[in-house]
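Contents: one structure, followed by commentary.
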Amino acid sequence: MKQLRTQVGIVGAGPAGLLLAHLLHLEGIDSVVIENRSRQYVVERVRAGVLEQGTVDLMIGSGVGERLMREGMRHEGIYLAFGGVRHRIDMAELTGGRAITVYGQNEVVTDLIEVRLATGRPLFFETAEVSVHDSSIRFTYNHEPHELHCDFIAGCDGFHGICRQSIPAADLRIYEREYPFGWLGILAHAAPSSDELVYSLHERGFALFSMRSHAVTRLYLQCAPDEDINQWPDDRIWEELNTRLATSDGWKPNQGEIFQKGVTGMRSFVAEPMRHGRLFLAGDAAHIVPPTGAKGLNLAASDVRNLSLALAAYYKSGSEQQLDEYSDKCLRRIWKAQRFSWWMTSMLHRSPEANAFDQRRQLAELDYLTSSRAAMTSLAENYTGLP
Ligand code: RFL
Ligand code: PHB
């Protein structure tokens, strides 16, 4: 077995693992990143699009924000649509200038892989048989078994990864909720017909208008959690999107060739604590939010920021205090994002269990939200990201 040695072994080259590797590198801390998929798969996986102000600041501050500053689209507001009318929430005005930036997760990951490779520090794609142990990670690469000895292990391997699963069940508390719906998402070659996102509640369910660039529109429809994508030819998707999104002022999304389609289920999930001995969980490995609040990638970024600072403090002073505080510190922010994501999701989706009372209550909530400065400020504060 080939023997390797590093300070921090990182499992997973998603946004959490790659950003952690980069932040550690800036602190002069060595790491090895182990990913079981190919570079192409990791880059092409279509997921998040919305970065909070704090995530943008972190990327720029750590020197990986050059393309983000050039190509990212800063949005100072969002629209909530219901009853055929779009209502704008002016987030920047309500929060003293905070905004979100639309920049695809694919782009974030592309930029982070590039800076990682430029450091010359190791990043293994297409590994297999990855397993974590007290102070080592075993894996095969190019059919050769490897053992990586490390001071710490960062479990950044997403919801279905092996790191959380390696912790004895008795040592973890799990908090979980599944939703009785999912999202059907598409990418289309069509110029966005609105400068800002539109979250819409319609009798037939939720729909979301988003974008990836000046030439690509990203759209989502509420569907069944196990919806069969084959039942959705392009014409049916456009008809449903137009029904749910079009407003009485004549606004609707521009149509174009659909070049990507997928269905995703929705859940809320938290595993506590986010540490077991030398293993630290970060990002989706420890928690999942439904995508309605656009929080998943941003939580992953704030987890690894905390972890990099705690590891830096340890290597500078030998003090484990920040490492000991890591889980509690992250969880305070995570639970607020959980609450917000659950709230946005319940306000904007038609639950199969809901009755006419629930539907009227939802509309009253949206009516209140879009007419109360206090309520809009609360939304804006959470959406652009809590400190
Ligand atoms: P990831 O991205 O899942 O990366 C984990 C990596 O670990 C690898 N891996 C392993 N590697 C080695 N050995 C093993 N045994 C391994 N098992 C797994 C995986 O291949 C993968 O490369 O987790 P990470 O880094 O924590 O990042 C989390 C984000 O990806 C996720 O939270 C967001 O995509 C969620 N999300 C959104 N977040 C936002 O902040 N804003 C958004 O607008 C937003 N929209 C979304 C979303 C997620 C969506 N889906 C598909 C779930 C929209 C959608 C539709
Ligand atoms: C996206 O553009 O993919 C997106 C935007 C907002 C969300 C979720 C996903 O809440």
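The values are calculated or read from the model by the stated rules, or taken from the named source; none is laboratory data. Here the structure is a predicted model, which is why all the values come from computation and not from measurement. FYI the Cβ positions are ideal-geometry reconstructions off the backbone, even for glycines, and counts take in every protein chain you see. SASA here: full protein model, heavy atoms, side chains in, ligands and nucleic acids out. Shrake-Rupley method; radii C 1.70, N 1.55, O 1.52, S 1.80 Å.
For the range 1-114, with the dipole built from +1 on Lys and Arg beta-carbon atoms and -1 on Asp and Glu ones, taken about the Cα centre, which of THR101, GLN40, GLY28 lies farthest toward the positive end?
GLN40
For the chain, what is the charge dipole size about the Cα centre, in debye to the nearest 20, if Lys and Arg each add +1 at the Cβ and Asp and Glu each add -1 at the Cβ? Spell out each step's value before the answer.
Numbers: 40 positive and 48 negative charges, 78 e Å.
Taking the Cα centre of the chain as origin, the dipole is about 380 debye.
Only sites in a loop by DSSP and with at most 14 other Cβ atoms within 10 Å count here; which trypsin sites (Lys or Arg not before Pro) in the range 20-87 make the cut?
For trypsin sites (Lys or Arg not before Pro) across the range 20-87 that sit outside H, G, I, E and B with at most 14 neighbouring Cβ atoms in 10 Å, the list reads ARG45.
Using the Cβ atoms and a cut-off under 10 Å, what net charge is assigned to the surroundings of ARG5, where Lys and Arg are +1 and Asp and Glu are -1? Let's see the in-between values first.
On the way: positive: none; negative: ASP30, GLU147, ASP151.
Charge balance in the 10 Å sphere: -3.
Counting only heavy atoms of protein chains, what accessible area per residue, in Å², does the chain have with a probe of 1.4 Å? Please report the intermediate quantities before stating the final value.
Working: 16890 Å² over 387 residues.
Here the per-residue accessible area is 44 Å².
Bin by bin, in steps of 10 Å, what percent of the Cα pairs in the range 285-387 do you find, going until the bin that has the longest distance?
The percentages, shortest bin first, are 14, 34, 27, 15, 7, 2, 0.
Taking the Cα centre of each part, how many Å lie between the range 169-211 and the range 27-63?
Taking the Cα centre of each part, the range 169-211 and the range 27-63 sit 21 Å apart.
Please work out the Cα convex hull volume for the range 36-149 and give it in Å³ per residue.
Hull volume normalised by residue count: 180 Å³.
Over the range 121-239, with a single point scatterer placed on each C-alpha, what log10 of the ratio I(q)/I(0) does the Debye formula yield at q = 0.12, 0.14, 0.20 1/Å?
-0.77, -0.86, -1.04
About its Cα centre, how strong a charge dipole does the range 1-151 have in debye, to the nearest 20, once Lys and Arg get +1 and Asp and Glu get -1 at the Cβ?
It comes to approximately 300 debye.
What do you get for the angle between helix 15-26 and the principal long axis of the chain? Use alpha-carbon atoms, 0 to 90 degrees, nearest ten.
Its long axis makes an angle of about 50 degrees.
As an exercise, use a Förster radius of 22 Å and the Cβ-Cβ distance of GLU71 and LYS261 to find the FRET efficiency, rounded to the nearest 0.05.
0.35
Quick check on the chain: helices-only [θ] at 222 nm, where DSSP H runs of length 4 and up contribute -39,500 (n - 2.57) each and the sum goes over total residues. Nearest 500, please.
Mean residue ellipticity at 222 nm (helix-derived): -11500 deg cm²/dmol.
When only Cα pairs under 8 Å and 6 or more residues apart are kept, what is the percent relative contact order across the chain?
21 percent
When each pair of different Cα atoms in the chain is counted once in the 1/r mean, what is the Kirkwood radius in angstroms, to one decimal?
That comes to 21.8 Å for the chain.
Given H placed on each backbone N at 1.01 Å, which residues far from PHE206 in sequence or on other chains put an amide H within less than 5 Å of it?
HN-HN under 5 Å from PHE206: GLN222, ARG350.
Roll a 1.4 angstrom probe over the protein heavy atoms and tell me the percent of accessible area of the chain that is carbon or sulfur. Present the calculation step by step, with values, prior to reporting the outcome.
Values: 8090 of 16890 Å².
Of the solvent-accessible surface of the chain, carbon and sulfur hold 48 percent.
Full extension from ALA354 to ASN254: what is 0.36 nm times the residue separation minus their Cα-Cα distance, to one decimal in nm?
32.8 nm
Place a +1 charge on the Cβ of each Lys and Arg in the range 166-210 and a -1 charge on the Cβ of each Asp and Glu, then give the dipole magnitude about the Cα centre in debye, rounded to the nearest 20.
100 debye
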